Amino acid sequence: MSERATPAREPETGSIGHRAASGVLWLTVQKWAIRISGFISIAVLTRLLSPEDFGTVAAATTVLPFFYLLSDLGFAAYIVQADTVDRRLLSTGFWFSLIAGLGLAVVVIAAAPLFGLVFQSAEFVPVLQVLALSVIFNAVAAVPMALLRRDMRFRALAAQGGIAAVAAQVVAIVMSIAGAGVWALVGQTLTSVLLTAVLAWAAARWRPSFAFSRRDFSSMARFGGNVLAVESVALGRAWAEAAIISSALGMAALGYLSIAQRLVQIVQDLTGAALVPVSTVTFAKVRGDSERLRSAYVRALRVTYAVMSPPLLLLAVAAPLIIPIVFGDGWEESWGLTRILALASILVVGANLDNGLFYGLGRPGRWFAYALVVDVCTVAATAVTAHWGLQAVAYGFLVVAALATIGRLFLVARLLRTNAGSLAGPLGFLTAAVVGAGVAGWLVLSVTADLAPILRIVLVGLAVLAAYLVVIRLLARQVIDEMTGYLGRFAWTDRFRTLVLRKERS
């Protein structure tokens, strides 16, 4: 690779929109595969390991995300959205991440005893010190992973993530059977991040030079500083919420809320986790054409609402049936919380897409300002409502979500240089579809009280989906056409066009 050459890319196998849709689908398949295999492995591990083992590793993993952020400093996000990149810029990002990762790993090892005092666990200290290696592995993988995202090689990313996750689960099971105890979970974590890094380097086919540019570093640092700020604010909000709720309502209340949040997060992961990595690079590629960018955003927003809302709506309706099956008895307090949080999540499903839009257009500073205001409001609402109980806290989240959605509508309209009314269409059909499908789900839930819980969930899900599709068909038919078109074409179109390209070259 020459010093000023852009990295080689895969042959074009379709339009950007088609490749983006394929990317979302591949990464979603990866999430499902990881979740399903994860449920199987956790069923085995919970029978071989103690709750203390899981608690120790869980406590250690709450410390590490901030160090992951510092080692990358947002450089990966910069590489994904940059108009052009060269070997010097990539090498600058790599050497910084490597040096930062090494330094931060040493910091984690040295500070582990202090964290151990906080968690009051002697076993926590060596576990955290060994897990510090994951900071280095993540730093080493940052640039190759960014290159794969930049080239929209989402199928490769999905395969790497799935292989690493499954291999890590096998390692954990084998180690736990051998009597390794808590170190089986440590081995699982390290295997996953190490194998991900190795596969990313193999797929990216890129090697750094011994070059470091202060100019490129400054450009990446200005962009990455805002990315780091957004993630730091989110971590700070989560910590503040936990501190407020645990002090005002007790640890049990925090446990009920965490279960509700976890269930909603699982649904979001399985339906929309692929949006940010795909949308960032997609919007970056079309940002030079304002009309095309606006059209792509509106289409993506319609499909995002249509795909992510039904599962969340099912969760909102059937939470009293789902939670006992997934988490067992004793979590009744989480039922109402899950319903409210699921409704709040429906309102903000477009936030992941908007995150990718602002990053893809090189405006992370504006997104940081928005995220800061929303997170401060969320913490303030938690502090005010905690005195009235968990239900009040959840309703506070719902109010903030509604206001944040309205504010984001105007913010995006300004970024795209259009009026908010032209972007409000997807939100309009979403409201109508949620109300209609929600009523249908509630009716089925009410008339099936004598049936088995799993059967009731299936019937409620079918009712929600049928009503939702009917409303969308009436109000936004193009959404269904777009989704079915992509799903019907992506699998064979890539193969066909690849064969055509090979034939032309031969």
Taking only pairs six or more apart or across chains, which ones have beta-carbon atoms under 7 Å, a first residue in segment 378-393 that is at pLDDT below 90, and a second residue that is of a type in the set (F, W, Y)?
-> L390/Y256
Has segment 232-253 got at least one residue that is buried (at least 19 other Cβ atoms within 10 Å of the Cβ), in contact (Cβ under 8 Å) with a residue 60 or more places away in the chain and within 24 Å of Y359 (Cβ to Cβ)?
-> yes
Subset of segment 235-281 (residues that are modelled with pLDDT of 70 or more and more than 30 Å from I325 (Cβ to Cβ)) | L235, G236, R237, W239, A240, A243, I244, S247, A248
Check L487, L469, L455, L445 and return the single one that is in a helix (DSSP H, G or I), at pLDDT below 80 and of a type outside the set (D, E, K, R).
-> L487
Where residues in segment 109-136 are at pLDDT 85 or above and touching a Gly at 6+ places or on another chain (Cβ under 8 Å), which of them is farthest from W95 (Cα to Cα)?
-> V125
Sort out which residues of segment 342-379 are touching a Leu at 6+ places or on another chain (Cβ under 8 Å) and β-branched (V, I, T), and write them in order of number.
-> I346, V349
With segment 1-92 as the region, which helices (runs of 4 or more DSSP H) entirely inside it contain at least 2 residues that are within 23 Å of V170 (Cα to Cα) and at pLDDT below 70?
-> 16-48, 51-72
Scan of segment 373-394 for residues that are hydroxyl-bearing (S, T, Y) and more than 20 Å from R408 (Cα to Cα), ordered by number = T382, T385
Do any residues in segment 74-95 that are among the acidic types (D, E) have Cβ atoms under 9 Å from those of residues that are in a helix (DSSP H, G or I), where the two are at least six apart or on different chains, and which pairs are they?
-> D83/A284; D86/D216
Determine whether segment 391-398 contains at least one residue that is buried (at least 22 other Cβ atoms within 10 Å of the Cβ), among the β-branched types (V, I, T) and within 24 Å of the chain's Cα centre (by Cα).
-> yes
Checked segment 199-213 for anything among the charged types (D, E, K, R) and more than 11 Å from L90 (Cβ to Cβ); matches are R205
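Yes/no matrix, rows are residues, columns are (1) surrounded by fewer than 17 Cβ atoms within 10 Å (Cβ to Cβ); (2) among the hydrophobic types (A, V, I, L, M, F, W, C):
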residue: V80; (1), (2): no, yes
residue: R87; (1), (2): no, no
residue: T92; (1), (2): no, no
residue: V106; (1), (2): yes, yes
residue: A122; (1), (2): yes, yes
residue: L128; (1), (2): no, yes
residue: V135; (1), (2): no, yes
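The values are calculated or read from the model by the stated rules, or taken from the named source; none is laboratory data. Please read these numbers as outputs of a predicted model, since none were measured by experiment. Because the Cβ atoms are built from the backbone with ideal geometry, glycine has one as well, and the counts that use them run over all protein chains shown.
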